[in-house]
Structure formats: structure tokens, C-alpha cells
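Each reported figure results from applying straightforward, stated rules to the coordinates on display, with no laboratory input. Predicted model only: the values in this text are computed from it and were never measured. Glycine also receives a Cβ, built like all others from the backbone with ideal geometry; neighbour counts cover every protein chain displayed.
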There are 2 protein chains.
Amino acid sequence: MSASDDRVEPRLVKGFRDVLPGEMLLRNRVVATARAVYERYGFSPLDTPAVEHLDVLLGKYGEQGAKEIFRFETPDGEAVGLRFDLTVPLARLVAQYADLPRPFRRYQVAAVWRGDKPGPGRFREFIQFDIDTVGTAQTAADVEIIAATREVLAALGVPGFAIKVSSRRLLDVLIAYAGLPPARAHDVFRVLDKLDKQGLEAVKLELTAGRTDASGDKIPGLGLDTAAVDRIERFVTLSGKGRAGTLAAVADLFAGVAGAEPATAELGRIHDQLAALGIGDDVVAFDPTLARGLAYYTGPIFEAFLPAAPEFGSVFGGGRYDGLVERFKGEAIPATGGSLGVDRLIAALLKLGVLTSRASTTDVFVAVLDPGLIAEYQAVAASLRSAGIATEIYLGEQRGLKKQLAYADRIAARVAILLGGDELARGEVTLKDLAEGKRQVVGMTGAREEYLGARVAQRAVPRADLVAAVREMLAAR
Amino acid sequence: MSASDDRVEPRLVKGFRDVLPGEMLLRNRVVATARAVYERYGFSPLDTPAVEHLDVLLGKYGEQGAKEIFRFETPDGEAVGLRFDLTVPLARLVAQYADLPRPFRRYQVAAVWRGDKPGPGRFREFIQFDIDTVGTAQTAADVEIIAATREVLAALGVPGFAIKVSSRRLLDVLIAYAGLPPARAHDVFRVLDKLDKQGLEAVKLELTAGRTDASGDKIPGLGLDTAAVDRIERFVTLSGKGRAGTLAAVADLFAGVAGAEPATAELGRIHDQLAALGIGDDVVAFDPTLARGLAYYTGPIFEAFLPAAPEFGSVFGGGRYDGLVERFKGEAIPATGGSLGVDRLIAALLKLGVLTSRASTTDVFVAVLDPGLIAEYQAVAASLRSAGIATEIYLGEQRGLKKQLAYADRIAARVAILLGGDELARGEVTLKDLAEGKRQVVGMTGAREEYLGARVAQRAVPRADLVAAVREMLAAR
């Protein structure tokens, strides 16, 4: 340690994290499943740079999220920043390339960065899985996003998920119905977005005089009058039997209000198309309390959540945003899409015990009983790998079998292969079942093993039967 | 366009690029193939943040690459930068987490950023596919990286690739043999690294008096004397029959030079293990001209290249770096690994005509002949998707079939489904073979189609036979 003064402390930047193999294997599995489903719907992969011009990210006069952007200068003196979502870069790209197919269906799986305050489970870098269809105003495109996402969640085995649907148009009608000027709309939507987490009474306080939150912070109110708040309450507490019933109740409440007809007709089309696809009220419901915070939505909005794990909030959210591309030079191009919160979904599924993972990809561990036999071990590993079985030879510094098997446990290998001089002479290998009697538990920061008690099976097999015997032992799990 | 003054010009930051679906589909295919092979060797996925502390990236006193780093401050005032490779973050991680399995085999597929001057095919953001084994000094670990990568290149169908192997230890012996002080070593290696691109005469000039390059720039020389250069030339022009012959020639040349024995013994072990794995001289050769520019290598070094496309340089490169982890507080931990240049490999394979791609994932295109039948089209698409066939319904604004089919061509769909009132009444659909007579050509900036002449087949089938008939038409390609 003579050079220790020159050494750098190995540490992460505040708000950033490493994703270790146990969690990465889950992420890869979730991404692969989602990708396969969305590709079946005709969505194609796209990649855009992490770094964009600041005015591309912000618009000419700066917009929401301005504070959150990590910004810097390139060697050419250009003012740039790290993207904070995948929607703005998509809008930039669509405005930039006139010859893209239209409609343009794409998905993008990529990191985004936000410089806001990190907290438990809240990081400054996280990945998003976005799907969007650009260049169509048709409701069928919104329905497709919803239907494909339902299939993704089903394919992942997410238990009892539910998708809520509403429309910004309906919320605009609500503003008129409540007698408020359109300029108040976004403030009201932002407060309504808190209904799920804060409840109706807190929301009513925020619509009127304001309130003090649990940590003692004062949240200012919007100062709306009682008549307006009563009407808003009437809307958000609407209920009906299924989508059709809710829609009828909304149409009834809003009868005669400007814009009510096209808004309810849009939800009617969504209902009809979902019904034709066999997607029932139990999976996709109309929810008048759904608002979503972002300013740019212009039509249908949707969110998926897990009633069994409500603390994780929505695992998918999106909607129609017909005005975003117009921010860039060029024509107005309608668009709709959503974002799957991959890491949040994994956290929820781990909590529910739906996902389990392993510390590594390795199925078979080849112990090194005699370093002189390394070529034999490599040959054994090669034959298993040719058969598609993930195999690792021990290459650490431990000579003893016990310590080598402790390593095999650490990487959650399921079968160990023992081959010493005796076995070699007999033309045999010994197989040891390692997986018997333990269980892998993966948390957000890595994997650990819970031992349920060891019951290790072991057998000798001829070299020629190696692959078949390993397959059999792996299949017995 | 009344608001055009407020609009932002949609454009990329200099040196950055978008990857459109045609190329992304190839990237995903290459990554999936490499991942499957490396996972069979027991490498597990890992992710580290894009943003690291500047001193982590640079070491305490700054090092190579310092100019290239995109740097900025976090809201907490921390000095950070974007990673420029995946090796330094791995070393940081291994030093930071004492409880990782050791050896620790991991792969990471991620973007890296370098602020140097962009040029043709040279971008400031690109993805790397790195594999490394940390925590073992054994030669078998180096051999495993080589063997696994050979399997990746074979699985990708890369024609006639070759892997060159040498060792930094051998180059250290060369420095002694040439009578030079060890302090000159890195300068000499940096010049030798140019042998492939610049040739022997240019390298000899750079070792002595310097030279003027093609653009008229003066490249200073190292000022070595003739005796040293003669000995270096003798080494880099060594040849022998296969690995064993080259090794014998090296041993002969370096007989009696300090360090020669362990260096040749190391290559001897590599040769033996490769031979035992059935990997011949035609695939992996010892090449005394291989130097690799990076300072941190300490043992075996290796590169893969495509003799049929030498202009792309190496598509994989790496080596042993036993000192890198020690830069961080903690113990010295030996490590070896390499990096697959995914984008460069794709460019080379496209050039060689080995890879072909498509503009989208869509196999089947459902035309919208009658917007009133949208639920029927959705049902048709749903049945195909359930059968695993990627299907897209036309959701654009064009009413005419001709324009819709032009869109289907644009996304390179292979079968179109036509369903109007007549077909509906008969319980039929019409299938149109779109792929007949054209070919998809994908360049680095996107996909285009070459028409070889249209010969479109069309047939009507009962709705019940839809999936089978589509499968048949797709299989006929």
C-alpha cells in the first residue's frame, strides 16, 4: 500500500447506482419480453444520442424540467445537455427526417438523466422503455399502445394488473364545466394527478386554500371557489358499471358543455375497439380521476398499475401528444405513446415474489481439482457450451474443493463437475447437484441466497454421457 | 407557421448520430448473439452509470484521455464526467464492492463518450460490448476470452476472421533486447501499434528521425539509434510456421534476454490450451507486430480483424491489465478482457454483404380498405400476433390502397392483407406477397430498398386459414 496516497476512492456519484448481475438478468428478461411483444405489433427499435442541444431539450424559452437537466459544453462550444426523457428526442428526430415512414412506430430502451433530488428508489439515471406511434391522429393508434402493453404485462406474468384510461379532452371539458378559464387547466390537472397518492380531501385543500403536508411544508392552494370544487369533486367521484357505465355517467354529467361530445365519442371508440379485441373492464377501465402531470398531452391518457403493489405507483404511463413535434421547425404531427418503467416494474414484481433471479448466468461449474488438467476442464466446458449449457471453469486462486464450491454457491451454479486423476483414468466425471435446498433472493442492490438446508446429490457418469446427465440434473429443478 | 419564430431547429450535436431502425435491428441481432455466447461462458450482465467522478475516470493526477472527457458539475457541486470506456468503471466497481464473487466475469453493453474530433465513421458516442474476468492471474482466463470471442464471430457468420495474439511481456523483453530503457517502452509500443496501418518504413521513420504524413503534418521521431531499430525490425518481421513456429523463432531471438523465459512460457500455455480446444493456427495466430496502444496492459494482448475488410481495423481488442484496479484504494486485482466494436463490426459485415436488414420489424401489413372495419382489422392482426407474426395495421391518413401499399413497401412488410366488404361477406381475406422482387439494403444512416422488378402474387383464403396461409407465404421467401 505504499502508493496509497495516490489512490482514488472508488465511489459513485450521488444519485447514481450500479446494477449488479442479479438485477441486470431480470432487466434483460423484462426488456426482451417487452421487445418481443412490441415488435409483433410492428414497433421497430431506434436509438438517439444521450446528448442533445439544450434548446432541443428545453424549447426556445425553456420549459418544465429546465432545472433537472445535466448541462455542459462540447469542445466546439455548443450548449448541450443529457436527455431527460425519450419523447423530446423522438419529436426532434421526426421533425428532422422528412423521409421516415409515416406512421412511424418505434420503441427505444435507453437511459435518461434527471438532476433532481435523489431519494430512496429515486435515481438520477434510469432506463425507460418507450413506445410511440408518430404521424396518426387515429384512436386505433392509442388503442394499439394500450393493447400491446396489456400483452407485455401478461407475458411478464404481472398478477392482476389494471390499466386506467381517460382523456385530456375530458379534463378540458371539466375545466369548462367547473366554470374555470382554460389557463387554469394545467394547475388543476397537476393537483388532480395527486388523487391516488394524497386522497380526495388533500386534493380539495390544494384546489382551495392549500395545506400543510406530513413534513410540515406548506403547499399553496389554487384558490378555486366552492362551486368549482364541488363540480370537480362530482366528476372525479363519478362511477358506473364498467367502461360503458362510466362513459354514460360522464356524458350525463357533461351534457351540453362545450367539447363534451367529441371527448366522450373518443372514449366510446376506445371502448368499442377494446371490446372487439376481447379486452374487458377488468383489465382496462375508464377512470375520471386519471390526470397525468405532463402539460403536453392532448387526447387519450393511460396508466398501468399493480393493485397488489400500489406503493410503486404506475409502471406504465402515456398518452396522446399532438403538439410536441410542432415545437420544432416543420409541420404539426400527431403522436401517441407511453413509457414502461422497467426498474420500477422489476422492483414491484420482486416485492410480489413474481420474479426470482440468480447471481449469474452460470448453470454448470467445473471445479479445478488438478491445475495440470486444465485442458480437460476446458474440453468438458466446451462440450457443455456446445450443447447450449452455460458453463464456467473455476479460475480463481483457491486450490481446495470446499472453497471452490463456496464460490460455485456464490454464483448460484446448479451443477458442479468434479474431475480428478481417478475419474480421468476411469473415463468418468462426477456430477454434484448444488441447487438442491436453496433459494435465490434478489433485491435492488444485488442478489443473496437463502439456505433452506443442504441436501446435495452426487453421481459419477461416463464422459460420453456428460451432457445428457447434466441436462437431466438441471431439468430436475 | 405563425409561431415559426419560436420554433427550434431540429438537429444533432456535432459528432453524435441517430441510429434508425434498419441499423438498430442489426445492432440488436449482433448484441443478442454475442450475449448468448458469452453467457454460455458464464459471463453475467452488469450496468454502471454513465456519469462517474472525474478522479475515478482520470486517476488522481489525470491520465490519458483527459482532454476527451465530457465533464460537468452535478447540482451538489461534484466534478463528474461521462465514462469514456467500460474498463475504468469496472475497476472502480470491483475496488468498491468487496463481496463480489471472485473471479468476477461480467459483460456490459453500453454507450461511451469521447469528446475528440469527430470524423467519417468516428462519433463522440458509440456502444461497446465489453467482457472481462477480474480476480484471476491464470492464462486460462485470457484463453477463455479469446475462445468465447471466436465463437461469437463464428456465430455471427463473420467470414474468415482472424485473431492475433501477443503479450506485453514479450514487448518488454523487446525493449531490453533493443537496449532501450524501460521508460521508452510505451512510446515504442504506441509507434509499433501503427504497423498495420502505416507499414514498416513509416514506423521505422517514427522510431528514428520522424516523418511527414500524407496531409503534410510533421510527426516527430523517437530518435532511437540504428542498432535498436534493427533489433526491433528483426522482432516485428519474425515469422514461423504457425503459433509453435513463431514461438520458437521468438524464443530463439530472445535467448538469454532477461524476462524472455516467462514471456514465451505464457504464450506456450496459450498455444497448448487453444490447441486442446481445437482452435488452430488459421483462427488464432501469434503476431509479434501486435502492440496495442493503451498503457495499462500487462500480459497477453489480442485483436480480431477481418482480412476481407482490413480498412475497418480490429473489431475486437483487449488484453490483461493486472494493475488497473490497484489505482483505487484496495488491493491489486489481476484482470483480463476485451471489447467488441459492435458498430464497426456491423459496418464491416454490411460491406461484405454478410448482414442484410430491414426497415422495420413488420412482416404482415393490414391495409385499411374501409375505416368502418377497423375492429375486423384489429381482430386479424391479433390472430397473427398471437401466432408470433409481427403485424401492423395501417393507421396513416391515406385512403387509397396504392398509397397504403407504398407505405407497406417503405416499412419492408412482406405480406399485405386486404379485407373489404366483399371479402368480409365471403368470410375471406386476400393475401398479397410484397417481398417478391426486391431487396433491402442497409447503410450506416438507414435502410433503402433496391427494386429488382415487381412480381406480386395474390390469393384469397378463408379467414380460418389466415395464419397458415400467411406462414406459407412468409416461408416461401
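I'd like the per residue volume of the convex hull spanned by the Cα atoms of the protein assembly as shown, given in cubic angstrom. Let's see the in-between values first.
Values: hull volume 192.3 nm³, N = 954.
In the protein assembly as shown, the Cα convex hull volume per residue is 202 Å³.
On each of the three principal axes of the Cα atoms of chain A, give max minus min coordinate, whole Å, ordered largest first.
Largest to smallest, the principal-axis extents are 91, 57, 54 Å.
Give me the dipole magnitude in Debye, nearest 20, for chain B about the Cα centre, with unit charges on the beta carbon: positive for Lys and Arg, negative for Asp and Glu. Can you show the working numbers first?
Values: 59 positive and 62 negative charges, 154 e Å.
Computed charge dipole of chain B: roughly 740 debye.
Normalised by the number of residues in chain A, what is the relative contact order in percent for Cα pairs under 8 Å and 6+ residues apart? Kindly include the intermediate steps, with their values, before the conclusion.
Numbers: 812 pairs, mean separation 72.4, N = 477.
With pairs under 8 Å counted, the relative contact order is 15 percent.
Please report which chain B residue places its beta carbon nearest the axis carrying chain B onto chain A, with the distance rounded to a whole angstrom.
Per the B/A rotation axis, the closest residue of B reads B:Phe72, 2.
What's the local net charge at A:Ala110, with K and R +1, D and E -1, over the other residues with C-beta under 11 Å away? The partial results should precede the final answer.
On the way: positive: A:Arg83; negative: A:Asp47, A:Asp85, A:Glu125, A:Asp130.
Taking every Cβ under 11 Å from that of A:Ala110, the sum is -3.
So what is the 222 nm mean residue ellipticity for chain B from helices alone, if each DSSP H run of at least 4 adds -39500 (n - 2.57) and you divide by all residues, rounding to the nearest 500 deg cm²/dmol? Could the numbers behind the result be given before it?
Values: 16 runs with 171 residues, N = 477.
Mean residue ellipticity, 222 nm, calculated: -11000 deg cm²/dmol.
Rank A:Leu156, A:Gly278, B:Leu20 by how far each Cα sits towards the positive end of the charge dipole of the protein assembly as shown (+1 on Lys, Arg Cβ; -1 on Asp, Glu Cβ) and give me just the farthest.
Farthest towards the positive pole: A:Gly278.
May I ask you to report, in nm to one decimal and beginning with the shortest, the distances from B:Ala214 to the same position in the other copies, taking label points 7 Å along Cα-to-Cβ?
6.7
Can you tell me the orientation of helix B:139-155 relative to chain B, as the angle in degrees between its alpha-carbon axis and the longest Cα principal axis, to the nearest 10?
30
Among A:Ala98, A:Gly372, A:Gly353, whose Cα projects farthest towards the positive end of the dipole of chain A, with charges put on the beta-carbon of Lys, Arg (+1) and Asp, Glu (-1)?
Final value for the positive-end residue is A:Gly372.
As a quick test, which of the pairs B:Lys117/B:Lys197; A:Lys197/A:Lys351; A:Lys117/A:Lys329; A:Lys164/A:Lys204; B:Lys218/B:Lys351 have an alpha carbon distance above 31 angstrom in this structure? Before the final figure, lay out the partial values.
Numbers: B:Lys117/B:Lys197 20 Å; A:Lys197/A:Lys351 19 Å; A:Lys117/A:Lys329 33 Å; A:Lys164/A:Lys204 22 Å; B:Lys218/B:Lys351 33 Å.
Over 31 Å Cα-Cα: A:Lys117/A:Lys329; B:Lys218/B:Lys351.
What angle do you read, to the nearest 10 degrees and between 0 and 90, between the alpha-carbon axis of helix B:260-276 and the longest principal axis of chain B?
30
Answer with one residue from A:Leu205, B:Ala469, B:Tyr297: the one whose Cα lies farthest towards the positive end of the charge dipole of the protein assembly as shown, charges on Cβ with Lys, Arg +1 and Asp, Glu -1.
B:Ala469
Could you list A:Ile219, A:Ile411 so that the one with the fewest beta carbons within 10 Å of its beta carbon is first and the one with the most is last?
Details: A:Ile219 14, A:Ile411 23.
By the 10 Å Cβ count, ascending: A:Ile219, A:Ile411.
Once the Cα atoms of helix B:342-351 and of chain B are each reduced to a long axis, what angle between those two axes, in degrees from 0 to 90 to the nearest 10, is obtained?
The two axes meet at around 70 degrees.
Reachable lysines from A:Lys432, Cα under 22 Å, same-chain residues fewer than 8 places away excluded?
A:Lys402, A:Lys403
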